[in-house]
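The values are calculated or read from the model by the stated rules, or taken from the named source; none is laboratory data. All figures in this text were calculated on a predicted structure; none of them were measured in a lab. In this analysis, Cβ positions are derived from the backbone assuming ideal geometry, glycine residues included, and neighbour counts consider all displayed protein chains. Heavy atoms of the whole protein, side chains included, go into the accessibility calculation; ligands, DNA and RNA do not. Shrake-Rupley method; radii C 1.70, N 1.55, O 1.52, S 1.80 Å.
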Amino acid sequence: MVSLLGRSDGEALQVNSGDTAWILVSSALVFIMAPGVGYFYSGMARSKNAVSLVFLCMIAMAIVSIQWMIWGYSLALSDTSNNAFIGDLNYGLLLYVGDKPHVNAPTIPGDVYALFQCMFAALTPALALGGAAERIRILPAVLFCFVWTTIVYDPIAYWSWAPKGWMNVMGSLDYAGGTPVHIASGFGALAFSLVLGKRQGFGSEKFAPHNYLNIILGTSLLWFGWFGFNGGSAVASNGRAGLAATVTHIAACMGGLSWSFIAYFRHGKKFSSFHFCSGAISGLVAITPASGFVRPWSALVFGLISGIACHFAVDFKEKFGFDDALDVFAVHGVGGVVGNLLTGIFASKEVAALNGAIIKGGWMDRHWVQFGYQLAASCSGAGWSFVITGIILIIFNFIPGLHLRIHEEGEISGTDMAEMGEHGYKFATIEPLPVGRERTLSAENGGVPRGIVFANPPSSNKSTVTNTEGSEKPASMRGV
């Protein structure tokens, strides 16, 4: 233990160098999840929207980090506020933070804890934006991230983790963000999809992922970062952190397998990397609120149930007619609720005691009311996020210059060119055809009258398809 002076009055504060090093590493791991979300989303989308989705995730990280410094950390995690709903501004601009430990992390400097929690806040609105993929303007999306984090994420984080937050005082268990991160982003994405409306061609045309390698890469970065996301939430380098990382991995594996095998029998008995990756993410989401409370065998149940529940939740958007473009509600919203409720069943007071925490446990410890606490937290987080997100979006649409949906021509050409003037794939550009020569390329590109011009196509790609005019293009560009 290293003794540091963190206050002007000379009061000694005990800061553990090993704990501090682990949380700094965990912060970097969670940062990697931002481009991970971007690549995962870009692979699921059509190629004409790939760059803008990665960019949105990175710029969300930047804008929310500034918000966190200005007032987000203080509003979300103030340990000096007596309010049950929201924090005070005592730590605004990160003043009076320094190396003084936060009550939630007594063995690391306060500024390290603030950095770690910043990564959680920055990731959450990036997840929610997936519900509006392929039809959202970048400028209002950036401003939305600042406002949404302040009004939606910060209060829910305070309820869940602040010493006086009402969920925390009630006894709700949320180890690493089941409600503030996943339920909030999932139900926010649902509101996004309803307010912005459907993409052109939704329901009549198939929107297939354009790059499965991006999906695999994004999943790998997310899985890797989740070891810091959940393992770092112990805010110490100890056995509980190790167990949290272990159950995280097990749940991801089981989630990927359960989703894959269900899809195998439902979709022509073929395995899909996309299905496995989606299932793995669902397992990671579900285990998040429970990762510091459950034993390894319980993680098998979390992965199994979340993989099944989230797989079938994907069908909701077709049954109920809402266009959640990247299945954020199905995976994060439903997965977060599943994880919260299962925490009320499988939470163990013996696991929590690994680092001295005292809880009453869940049903496994005959603490029956815990399930009710988890249900209350889930409903409150979901309701707050859905309603307030909808209100924010409606207000934005009434402010000149801040309407969120891209214009029709921009949606046809893709947000990469319309909003950024950049191509994700430099050997292809999209140009209008001369009047009288329009033709539909394919169902996957929204059936738009567009021409494809290839500049130096890869010589290794020998497979081609012929369009209705007799010209050829690489088969890999179907749906561009």
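Per atom type, the chain shows carbon and sulfur on 65% of its accessible surface, probed at 1.4 Å. Relative to the longest principal axis of the Cα atoms of the chain, the long axis of helix 184-196 makes an angle of roughly 30 degrees. When Y96, Y113 are compared by accessible area at a 1.4 angstrom probe, the order from most to least is Y96, Y113. In this label model, K270 and N82 are separated by 6.5 nm, measuring between points 7 Å along each Cα→Cβ vector. In this view, the solvent-accessible surface of T150, computed with a 1.4 Å probe and all protein chains in place, comes to about 30 Å². Per residue, the convex hull spanned by the Cα atoms of the chain measures out at 149 cubic angstrom. Put the Cα centre of the stretch 396-420 next to the Cα centre of the stretch 188-206 and the gap is 15 Å.
Using Cα pairs closer than 8 Å and at least 6 residues apart in sequence, work out the relative contact order for the stretch 132-198, in percent. After rounding, I find 31 percent.
The calculated P(r) of the stretch 90-231, using every Cα pair and 5 Å bins from 0, goes 2, 8, 14, 18, 18, 16, 10, 7, 4, 2, 1, 0 in percent. Percent of C-alpha pairs per 5 Å bin in the stretch 200-296, short distances first: 3, 14, 20, 18, 16, 12, 8, 5, 3, 1, 0. For the pair the stretch 107-142 and the stretch 253-280, the centres of their Cα atoms are 28 angstrom apart. Near F261: Cβ cut-off under 13 Å, other residues only, Lys/Arg at +1 and Asp/Glu at -1. The net charge is +3. Does anyone have the angle between helix 50-67 and the longest principal axis of the chain? Alpha-carbon axes, 0 to 90°, nearest 10? Computed tilt is about 30 degrees. For the chain, averaging the sequence separation of C-alpha pairs within contact (under 8 Å, six or more residues apart) and dividing by the residue count gives a relative contact order of 19 percent. What you get for the chain, charging only the Cβ of Lys and Arg (+1) and of Asp and Glu (-1), is a dipole of about 1040 debye around the Cα centre. Per-residue accessible area (protein heavy atoms, 1.4 Å probe) orders H332, H210 as H210, H332, starting from the largest. Computed from Cα atoms, the angle from the helix 296-313 axis to the main principal axis of the chain rounds to 40 degrees.
Rolling a 1.4 Å probe over the protein heavy atoms gives the stretch 173-290 an accessible area of 33 Å² per residue.
Only DSSP H runs of four or more residues enter the estimate; each adds -39500 (n - 2.57), and after division by the residues of the chain the mean residue ellipticity at 222 nm equals -16500 deg cm²/dmol.
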